[in-house]
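In what follows, a single structure is set out as structure tokens and then discussed.
The values are calculated or read from the model by the stated rules, or taken from the named source; none is laboratory data. Values in this document were obtained by computation on a predicted structure and should not be read as measured data. Here Cβ is always computed from backbone atoms with ideal geometry, including for glycine, and neighbour counts include all displayed protein chains. SASA here: full protein model, heavy atoms, side chains in, ligands and nucleic acids out. Shrake-Rupley method; radii C 1.70, N 1.55, O 1.52, S 1.80 Å.
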Amino acid sequence: MDDELITGRRRVAVPQVFGYLRHVTGGLVRHAALVDCLTDYCRRHEPALCGVFTDRYATVAIRCPAFVGLLDALELPDTYGTVVPALSHLGPRRVAAARKQQIGATSTRLIVVRSIKPTTDYGHPAVRTSASEAKATRGVHS
């Protein structure tokens, strides 16, 4: 019989991610809050945040310095992907589409902390605890 540990008992590498921010307005406090958002997400969902790339330019180019740095980092071995607070950090629609494609070309994932998809069937971002509470909120009584 083999004495080697089974996979479930071996140390598993933590997925490594890199953050990306487009931070044009606001000061250091706002930037720190955005980095904290990424850090908190990673703390709660297990990936290791290895670094955060920040673009601070008002003009939006598909290949700006911080984004090129991110793409280089995504080529490192054992990199799982990119984490952004919201899709808007990738830029306007045309630029975001090109950047999503470039991230995908690295065979890594794009993780969006705050998705625009509603968290309930009723289109409200609040989480409901029961169907009866949802009906009461809409004015429907059982």
- [ ] Please specify each residue of the range 35-55 satisfying the condition of being open to solvent by 50 Å² or more (accessible area, probe 1.4 Å), within 16 Å of T82 (Cβ to Cβ) and in a helix (DSSP H, G or I).
- [x] T39, H45
Task: For M1: the one exception among (1) open to solvent by less than 90 Å² (accessible area, probe 1.4 Å); (2) at pLDDT below 85; (3) not acidic (D, E) - done: (1)
TODO: Evaluate the range 128-138: report whether one residue or more is closer than 30 Å to V35 by Cα, modelled with pLDDT of 50 or more, of a type in the set (K, R) and out of contact with any Lys or Arg (no Cβ under 9 Å at 6 or more places or on another chain).
DONE: no
Open item on the list: Tally up the residues in the range 75-85 that are more than 9 Å from L21 (Cα to Cα), open to solvent by less than 70 Å² (accessible area, probe 1.4 Å) and either part of a loop (DSSP other than H, G, I, E, B) or touching a Cys at 6+ places or on another chain (Cβ under 6 Å) (or both), please.
Closed with: 0
- [ ] Count, please, the residues in the range 23-50 that happen to be on the phi > 0 side of the Ramachandran plot, within 14 Å of the chain's Cα centre (by Cα) and not acidic (D, E).
- [x] 0
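Yes/no per residue for (1) among the aromatic types (F, W, Y); (2) part of a loop (DSSP other than H, G, I, E, B); (3) modelled with pLDDT of 95 or more; (4) out of contact with any His (no Cβ under 8 Å at 6 or more places or on another chain):
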| site | (1), (2), (3), (4) |
| --- | --- |
| Y57 | yes, yes, no, yes |
| R63 | no, yes, no, yes |
| L70 | no, no, yes, yes |
| A73 | no, no, yes, yes |
| K117 | no, yes, no, yes |
| Y122 | yes, yes, no, yes |
